[in-house]
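Report on the following structure.
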Amino acid sequence: MAFFRSLSALSRLRSRSAQQSSLGNSVRWLQMESSSDLDLHSQLKEMIPEQQERLKKLKAEHGKVQLGNFTTDMVLGGMRGMIGLLWETSLLDPDEGIRFRGLSIPECQKVLPAAKPGGEPLPEGLLWLLLTGKVPNKAQVDALSAELRDRAQVPDKLYKFIDGLDVTAHPMTQLTAGVMFLQVQSEFQKAYAKGIHKSKYWETAYEDSLNLIARLPALAAYIYRRIYKEGQFIPMHDSLDYGGNFAHMLGFDNPKMHELMRLYLTIHSDHEGGNVSAHTAHLVASALSDPYLSFAAALNGLAGPLHGLANQEVLLWIKSVVDECGENVSTEQLKEYIWKTLNSGKVVPGYGHGVLRQTDPRYTCQREFALKHLPDDPLFQLVSKLYEVVPPILTELGKVKNPWPNVDAHSGVLLNHFGLTEARYYTVLFGVSRSIGICSQLIWDRALGLPLERPKSVTMEWLENYCRKAATS
Ligand code: NMX
Ligand code: MLT
């Protein structure tokens with residue numbers, strides 16, 4: 001019997017390593033289970049010295065290797081394409097889209113543990129993957145779910161503080177203010193004030209990060225219920241996973257909405273380091289500002305309409321199409337509406353990207369979710385129609401580098417379908433998810449001792465003189 005058990009364990013391992021080789025080589029698989037295997041902190045502690053050595057070797061052996069030239073266009077054009085940051089948790093390919101520690105979204109959907117067989121990945125599993133580069137098993141993810149629930153308590157004073165804000169304040173403003181309120185709990189800040197050695201920074205950054213990730217759903221749900229549900233609050237469930245619990249506290253207990261929330265929180269978590277929110281957090285954290293300060297800064301960037309707020313703008317724009325043309329809008333009417341938007345000097349929200357040059361795989365997996373769970377939803381059908389009509393028009397404009405939809409083009413109609421109709425709230429969901437990626441990298445920033453970020457800036461006069469000299473030499 002024992003022999004058969006070990007045979008089947010062996011074949012499980014074999015099929016895992018076969019999967020591993022086809023899934024990219026930065027991911028490792030966990031194969032043993034002891035109590036320390038269930039503990040994320042112990043796993044990290046074990047990995048850190050090895051990664052510190054790796055960075056040291058990279059600097060010593062390849063520190064002077066050129067990574068490319070940069071041009072005046074890049075300096076004037078928002079640093080597109082300039083490599084300038086180390087970001088370990090994910091990498092974005094312009095055509096393929098995001099890979100989390102080497103794994104694409106469909107691969108994550110396949111290998112990360114789900115709440116039930118065949119379901120969407122649990123965001124706790126993604127957190128584990130981003131932090132360690134290893135695919136966790138279900139027991140590890142369950143342990144992390146329980147740990148996050150244990151850390152989720154927020155002081156009542158937080159709610160009183162939020163109540164002191166104008167209820168009409170944008171939900172993102174309330175979220176950022178709430179994060180700043182929680183900053184007094186920063187263990188990193190306390191340890192730094194006591195003069196802790198720099199080799200120990202990551203430990204308290206880890207504490208703050210896990211506490212912050214754990215506490216955000218309660219804060220975010222409070223803001224939602226305060227603004228839209230007459231302040232009738234729903235306490236945390238004592239056994240649900242992170243995504244399920246968040247949906248529950250918001251007031252949504254349809255199992256499909258729980259699945260949507262798990263998928264949503266997984267796919268919005270990280271998009272390499274150069275996007276506005278991640279880069280902001282990385283920059284602020286490089287001054288040794290604690291995770292709360294750094295993440296609050298990131299949220300302020302996410303609240304901009306060219307970044308995270310685009311998810312709000314998309315649903316409002318789609319609803320304005322319906323208001324003006326009805327749900328059964330014809331292709332001709334749709335084209336006219338898009339041109340009207342463009343001719344009034346606005347962007348078509350949810351389309352285009354600073355890096356991507358194809359349809360965002362985050363869009364595609366949301367489309368697959370819609371095809372499975374809400375194929376007849378009229379707004380989903382409108383989103384599908386836009387996919388056919390918008391790209392040729394943006395291409396015709398002649399200046400748009402990527403005419404394809406991004407993550408925000410799809411998320412609103414899914415939430416709207418399950419009753420979360422308040423578009424102004426959508427960026428808060430993005431923010432809760434983004435904490436997972438930003439905090440994971442921030443812990444590594446501290447573990448690797450990454451330095452203060454301080455690029456060089458120049459004036460137009462400096463550039464003019466430099467370019468003149470370059471032309472004559
Ligand atoms: N609608 C109209 N014009 C656009 C669009 C669009 N969707 N996308 C790009 N353009 C314009 C852009 O405004 C710029 O015009 P101008 O030269 O007059 O300033 C020109 O095309 C070239 O821009 P790109 O180089 O293609 O794009 P860039 O990297 O500068 O900006 C975005 C990327 C995402 C800011 C831009 O595509 C956009 O504004 N999209 C709509 C807003 C949106 O969906 N943002 C969400 C991005 C994802 N996220 O969650 O963060
Ligand atoms: C993101 O998820 O951060 C956005 O797609 C923007 C970006 O990557 O620049």
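Data table
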{"quantity": "Amide H partners (placed H, <5 Å) of V348, local residues excluded", "calculated": "none"}
{"quantity": "Protection-proxy order for peptides 232-238, 118-124, each taking the mean of Cβ atoms within 10 Å per residue, highest first", "calculated": "118-124, 232-238"}
{"quantity": "Lys, Arg +1 and Asp, Glu -1 on Cβ, resulting dipole of region 288-444 about Cα centre, debye, nearest 20", "calculated": "440 debye"}
{"quantity": "In order through region 104-110: 3J(HN,Hα) via Karplus (6.51 cos²θ - 1.76 cosθ + 1.60), integer Hz, x for Gly, Pro", "calculated": "6, 4, x, 5, 4, 4, 7"}
{"quantity": "Gain in span if fully extended, V65 to K335, counting 0.36 nm per residue against the direct Cα distance", "calculated": "92.3 nm"}
{"quantity": "Contour excess over end-to-end distance, with Cα ends at N343 and E327 and 0.36 nm allotted per residue", "calculated": "3.5 nm"}
{"quantity": "Gain in span if fully extended, R54 to E464, counting 0.36 nm per residue against the direct Cα distance", "calculated": "143.5 nm"}
{"quantity": "Dipole of the chain, positive direction: furthest Cα of L382, S289, N402, with charges on the beta-carbon", "calculated": "S289"}
{"quantity": "Neighbour net charge for S330 - beta-carbon separation under 12 angstrom, K R +1, D E -1", "calculated": "-1"}
{"quantity": "Shape category assigned to the chain from the gyration tensor of Cα positions, a/c cut at 1.5", "calculated": "rounded"}
{"quantity": "For region 339-388, size of Cβ-based charge dipole, Lys and Arg +1, Asp and Glu -1, in debye", "calculated": "220 debye"}
{"quantity": "3J(HN,Hα) from dihedral phi, region 233-246, Karplus parametrisation 6.51/-1.76/1.60, rounded to Hz, x for glycine, proline", "calculated": "8, 10, x, 5, 7, 8, 9, 6, 6, 4, x, x, 5, 4"}
{"quantity": "Accessible solvent surface per residue of region 200-351, calculated while the other protein chains remain in place, 1.4 angstrom probe, Å²", "calculated": "36 Å²"}
{"quantity": "Value of Rg/Rh across region 202-331 [Cα atoms, Kirkwood radius]", "calculated": "1.03"}
{"quantity": "Accessible area of region 23-167 divided out per residue, in Å², using a probe of 1.4 angstrom", "calculated": "56 Å²"}
{"quantity": "Per residue solvent-accessible surface (Å²) - region 371-462, probe of 1.4 Å", "calculated": "41 Å²"}
{"quantity": "For peptides 332-342, 458-468, 188-198, 406-416, sequence by mean Cβ density within 10 Å, most packed first", "calculated": "406-416, 332-342, 188-198, 458-468"}
{"quantity": "Taking the chain and dividing mean pair separation by its residue count, relative contact order in percent (alpha carbons under 8 Å, at least six apart)", "calculated": "20 percent"}
{"quantity": "Carbon + sulfur, % of accessible area of the chain - ligands and nucleic acids excluded, 1.4 Å", "calculated": "55 percent"}
{"quantity": "Sorted peptide list for 293-302, 201-210, criterion being average Cβ within 10 angstrom, highest first", "calculated": "293-302, 201-210"}
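The values are calculated or read from the model by the stated rules, or taken from the named source; none is laboratory data. Since we're looking at a predicted model, the values are computed, not measured. No Cβ is skipped: glycine too gets one built from the backbone with ideal geometry, and neighbour counts run over all protein chains shown. The area values use the complete protein model at the heavy-atom level, side chains included, leaving out ligands, DNA and RNA. Shrake-Rupley method; radii C 1.70, N 1.55, O 1.52, S 1.80 Å.
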